[in-house]
1. For chain A, what does the relative contact order come out to in percent, with C-alpha contacts under 8 Å and a separation of six or more?
2. Between residue B:58 and residue B:21, what FRET efficiency follows from the Cβ-Cβ distance if R0 is 22 Å, with the result rounded to 0.05?
3. Rolling a 1.4 Å sphere over the protein heavy atoms, what is the accessible area per residue of region B:91-290, to the nearest Å²?
4. Set the Förster distance to 30 Å, then compute FRET efficiency between residue A:241 and residue B:93 from the Cβ-Cβ distance, nearest 0.05.
5. Report the label-to-label distance for residue B:130 and residue B:266 in nanometres (one decimal), using points 7 Å from each Cα along the Cα→Cβ vector.
6. Using +1 at the Cβ of each Lys and Arg and -1 at the Cβ of each Asp and Glu in region B:91-290, identify which of B:239, B:182, B:115 lies farthest towards the dipole's positive end.
7. Let me check against my output: what whole-number percent is the relative contact order of chain B, with C-alpha pairs under 8 Å and at least 6 apart?
8. Do you know which residues of region B:145-171 lose at least 20 square angstrom of accessible area in the protein assembly compared with their chain on its own, with a 1.4 angstrom probe?
Amino acid sequence: MIALRRLLRDPVACFGLLLVLGALFIALFAPWIAPYPEDAYESHIMQRLRPPSAEFPFGTDNLGRDILSRVILGTRSALVVAVAVVGASLLIGVPIGLLAGWRDGWLSDVLMRLTDVFLAVPQLILALALGQLLAPGLSTAMLALALTYWPFFARTVYAETRRLRTALFVDALAGIGASTTRILLLHVLPNAAPAILIRATIGMGFTILTAALLGFLGVGAAPPSPDWGLAVAEARQHLPEAWWFPTFPGLAILLLVLGFNLLGDGLRDIADPRLRRSRH
Amino acid sequence: MARYILRRVLLALPALFGLVLLTFVLTRVIPGDPAATLAGDSATPAQIADIRARYGLDRPIWEQALVHVKQVLTGDLGSSIFSGRPVIEEIGFRLPATLELTFFALFLATAIGIPLGVVAALNHNGPVDQLVRLISVGGLAIASFWLALMLQLVFAMEWDVLPLRGRVEVELGTPPLRTGFLLIDSLLAGRLDQFRDALWHLVLPAVTLCLPGLASIARFTRSGMLEMLQKDFVLYARAAGYGRFRLYAIYVLRNAVTVTVTQIGLLFGALISGAVAVEAIYDWPGLGTYAVQAILSADYKALLAVTLVVGVVYAAVNVLVDVVQALVDPRVAEDIR
C-alpha cells in the first residue's frame, strides 16, 4: 500500500501506469471498442489504403481494413504474449535462481554456467533459430522468447538469494528448525519479490518489442491476425504512399512498451530510493 | 595485467563450450527429425533414411555430439543448404559489414550517451535531466524496425537527403577488399568519394541501431555520476580549488564510467540482435540479412553458424570490455574471483 502511494506521487511513473492500465482496458474490451471489430479477418479491397479521415481515423491498410480497429484488436495478443512469456520465464528462472543461490557446490555452478550460456547467445538470434527449427508461428515465438528470457530472472533471483541467505533472520529461522523449503518459499522469495517484480515489468516491455520484431520478420504471428509487428511488415511495400499504415501500429508498440518501462522505472525508485531512477 | 587478461579469456571458455553444445542440442534434439526437414515435405521415407545416413544422424547421440564439437573446433560448419557454399566463407564475407555497422553505432551511442548522462547528472532533477530521462526511457521503447522504416520514410523517401538502402552506390564501385570495413578499405585505397559514400550509407542504419544503446549508456553514466558527485573527494577537490570542468570531466567521470563500460559489453549483444532488424530494412549485406535469408530458406546450417559466430563475437567483446574496464579502474583486475 505504501509502495502504491509512493508510486502515485511520481508523475512519470503514474503516466506509465496509466498507459498500462489503458492498454489492459482496451485489451479486455477490444471487440466493443473497435469501430470495425470484424476487420480482424475481413477485407474490403474497394477501400484499400485510404488516408486517415473521420470514417477511418488511422486510415485503412492494403486490404481495406480499418487500422484503428486492428491496432485496438492487436492490443490483446500483445499483452497475452507478454504475460505468457514473462510467466513462463518466471517459472523456469525463479527456481533455478533460488536453488543456485542457496547452496554452494557443483549444482549451483552448473546451473549458473547454464544461465551464462543462454545469456551468451544474443536473444533474437536464438529466438530466430528456434522459431525456424520448430515451425514458425506465434506459439513457437513465445516458447523461444521464454527460453531466452528466463536467464534474466535466474540472475536476479540468484543475486537476491545470495544476499538474503546470510541475513540474520534466515539464520534465526534455521535455528528454530524451519526447513529449507519453508525458508526459501515463505521467507527468501517474498523478500526477493520487489526485484523480481521490477525485472518482470521491464521484461513485459522487452517481450512486446521482441515479439513485434519476430512478427515483423515473419517468425511470429501469422496473417491475417491483427499483430502490430506484422502490420508494419505488411506496410513496407506501400511506402512512401501510405505513411499512416506503419505509423500507427508502431506508435501502439511504442506507447505500450513506454508504459511498462516507465512503470518499471518508478517501481525501481520505490524499491531503492537511493538510486533515484538510475540503475537499469 | 597480462595475467588478468589470460584469466578472463580462460573464464570465457566454459561458456563458449556450452554454446557449442547448445547449438548441437538445438539442431539434433529439439526439432524432431532434421533429416525430414532437410529432405523437404514431399520426400519418401527412403530419401529421408538416405539423408539420415549421409549426415550421420543414425549414429548414437553422444557420437553425434562429439562429431559436432570436433567440426566446430576445426572451423568446419558445413555448407549452406541454400547456396552449397561453406557457411564459414559466406559469414566471413558478411561479418565485417555487421561489425562496421555495430561498432559505428556503438561509437555514436557512447559519444552521445556519456555527455548526455554527465549533463543530466550535473542538472539533477532539472529540465535537462527530465529530457534525458525521457530519451533514455523512450529510446528503449522504440521498435528498431519501426524507427528504421520511419527514418527511411522521412529522410530517404520524402526529403531524399540520405540513401534509402545498401552499403554503397553500385556505380562508385568498392575498394579492394582488405579489412572488409568499407570505411577503412576506401581510405587505404585513397578513394575519398567512396569513403564519403560509405559514410552516407552508414548514417541511417547506425542512427537507428544506436538509439537503445545511447539510452542505456546515458542512464548508466547519469547514475554513476550522481553516485560519485556525493563522494568526499569531490567536495575536497572543490574546496582545494580544482576547476569544475577538470574535476568533472576527468576525476569524477573516470570513476563514474566503470559501470557504463560493463554495460557497453552487455549492450553489444542487444546491438547484434538489433542489427538483424536494421539490416533487414536497410538491405545491409551483413549477418542479419544472412540470418533472415537462412530462416526464409530453412537453411539450418547457416543459421546455426550465425548463432555460433555471433556468440563467439559476443564473448570476445565482453572479454575486451573487461580488459578496458581493468585499464580504466585497475582495482577490477585485483579482485577477480
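1. Working: 412 pairs, mean separation 71.8, N = 280.
Across chain A, relative contact order equals 26 percent.
2. Details: r = 21 Å, r/R0 = 0.94.
Between residue B:58 and residue B:21 the formula returns 0.60.
3. In whole numbers, region B:91-290 has 43 Å² accessible per residue.
4. Result of the calculation: an efficiency of 0.25.
5. Going by the 7 Å Cα→Cβ label model, 2.9 nm.
6. B:239
7. 25
8. The answer is B:145, B:146, B:149, B:150, B:153, B:157.
The values are calculated or read from the model by the stated rules, or taken from the named source; none is laboratory data. Being a predicted model, the structure only gives us computed values, none of them experimental. Reconstructed Cβ throughout: ideal geometry from the backbone, glycine too, with neighbour counts over all protein chains shown. When the accessible area is computed, the model is the full protein with side chains, heavy atoms only, and any ligands, DNA or RNA have been set aside. Shrake-Rupley method; radii C 1.70, N 1.55, O 1.52, S 1.80 Å.
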